[in-house]
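Shown next, in structure tokens, is the structure this report addresses.
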Amino acid sequence: MAQPAARGANNADAPRTTPSIPAASAALNGIRVLDLTRVRSGPTCVRQFADWGADVIKVEAPVDTAQFGGPRSGPDFQNLHRNKRSLTLDLKSEAGIAAFRKLADTADVIVENFRPDVKNRLGIDYETLSKTNPGLVYASISGFGQDGPYSKRPGFDQIAQGMGGLMSITGKPGEGPMRVGIPLADLTAGLFAAQGILIALMERQRSGKGQWIQTSLLQAQVFMLDFQAARYLMDGDVPKQAGNNHPTSIPTGVFKTADGYMNIAVTGANIWSRFAETMGRADWLEDDRYATPEGRSENRDALGAEIEVITRSKTTAEWIDRFNTSGVPAGEINNIQQVFENPQVQHLGLAQPVTSQERGDTHLVGQPIVMSRTPSHIAAPPPLAGQHAGEVLEELGYSAADIEQMKLDGAI
């Protein structure tokens, strides 16, 4: 990135010291991110920068009595906060807010997921901070947006899943709405925010100016409806629950085998033909009920019953081998233990080793992106609260006496 454009006019030439933790990647070397986030959506965003080598400073309260997602030693916190430094600051104290504003002048990026009014009340909003750091990229993640009739509502993933339509199309017909098994709105809001930040950093190379990035759990969830949303917007089709059946590609779904279940995905005429041949039912290709996509849709249940009579005759492994040999997508339905025991998952190195300060030797999920020159790895475990406070403040020019006084005053 073009560093002179990255910081405000008052500090564009200020030196950056090398952080004490090793970089997780060379990809984002030289980018400084201040992490004001908690819970999941914000930390998911910031993790993308920490894992790709940015200098991420987690700014947190000196006494955090509301650490969502469990204790620092818990899997959630460990998974979300690796590869970061930690600075504790009381942003309600004069000394704490002064230190933060000084730090903000050295930042390329700030990410927060407070309720929309909190940053303005503290005086750490984009408009205020960009006056002294015009190159600042400031990202805000909220439940429902920074303004509008729902902006002051507290946001939570399951609420966004419901309001954003996902629960209405998840689960079996007639059994009521169902949430998905991961916090999809939280996770995607964080990833979209990270994407927005990277876009803004790219644009800053031309303009020299930062900007305010906004997204929310609700926006992310509605966007993730994808083709289901398009079906409504373009055709007026309100999708319903379909259980494990794909709404448009038939037969695609879960089928019972001799020893369990498997997924089969049959999309398009060529795969349908290969599927029927592999099942030993070439007659389906001439059957008026099943020969066309429209026929298979209308007679989905009858076709599914015929398929399952056959799939019950062999084991999951036997069928998957047959289908994949013939070019029909099929796969196991693994529990989480089986996922990480899977040879392909192990080959891809998704479970990465780390020595946690609270838990000792363990593993965390690494980035799902492979880079040929600047790969990512887990270089440092999550920090202890305030572990790097002295180091970061010294970088800002605070003396040892200044730092000690801030400790005595409870500002750090």
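The shape of segment 252-334 can be summarised by an equivalent ellipsoid whose semi-axes, obtained from the alpha carbon gyration tensor, come to 20, 13, 11 Å from longest to shortest. Taking a cut-off of 18 Å, what percent of all Cα-Cα pairs in segment 200-246 are separated by more than that? It works out to 56 percent of all Cα pairs. Summing charges over neighbours of Ser151, with a neighbour being any other residue whose Cβ is under 10 Å away from its Cβ, gives +1 when K and R count +1 and D and E count -1.
With the simple model of a label 7 Å out from the Cα in the direction of the Cβ, Asn270 to Glu358 spans 5.1 nm. Taking other C-beta atoms within 10 Å as the exposure proxy, Val59, Val238 rank Val238, Val59 from fewest upward.
Neighbour counts of other Cβ atoms within 10 Å put Val46, Val345, Val222, Val39 in the fewest-to-most order Val345, Val222, Val39, Val46. Shape analysis of segment 284-412 based on the Cα gyration tensor places the equivalent ellipsoid semi-axes at 58, 18, 15 Å, largest first.
Listed by chain and number, the lysines whose alpha-carbon sits under 21 Å from that of Lys84, ignoring those within fewer than 8 places in the same chain, are Lys58, Lys102.
Proximity of backbone amide H atoms, modeled 1.01 Å from N, is registered between Thr252 and His246, Val266 at under 5 Å, excluding neighbours fewer than 5 places apart on the same chain. Largest GNM mean-square fluctuation among Leu384, Leu36, Leu87, using the chain with Cα springs under 10 Å: Leu384. When both segment 295-347 and segment 74-147 are represented by their alpha-carbon centers, they are found 47 Å apart.
Just to be sure I understand: if I project the alpha-carbon convex hull of segment 19-61 onto a plane and average over all orientations, what area do I get in nm²? Provide the component values of the computation, followed by the final result.
On the way: hull surface 12.0 nm².
So the mean shadow area of the Cα hull is 3.0 nm².
Every helix of 4 or more DSSP H residues in the chain counts as -39500 (n - 2.57), and over all residues that averages to -10500 deg cm²/dmol at 222 nm.
Across the chain, the relative contact order, built from alpha-carbon pairs under 8 Å that are at least six residues apart, equals 20 percent. Here the chain was treated as a single set of alpha-carbon atoms; its pair distances binned every 10 Å from 0 give 4, 18, 25, 22, 15, 10, 5, 1, 0 percent. Of all the options Ala385, Ala50, Ala98, the one that moves most in a Gaussian network model of the chain with Cα springs shorter than 10 angstrom is Ala98. The Cα-based radius of gyration and maximum Cα-Cα distance (Dmax) for segment 71-226 are 17.7, 58 Å.
Look at Ile31, Ile110 and count the other Cβ atoms within 10 Å of each Cβ; fewest to most, that gives Ile31, Ile110.
Bear in mind that the values in this text are calculations on the coordinates, not laboratory data. These numbers were taken from a predicted model, which means no experiment stands behind them. Methodologically, a virtual Cβ is constructed for each residue, glycine included, from the backbone with ideal geometry; neighbour enumeration extends over all protein chains shown.
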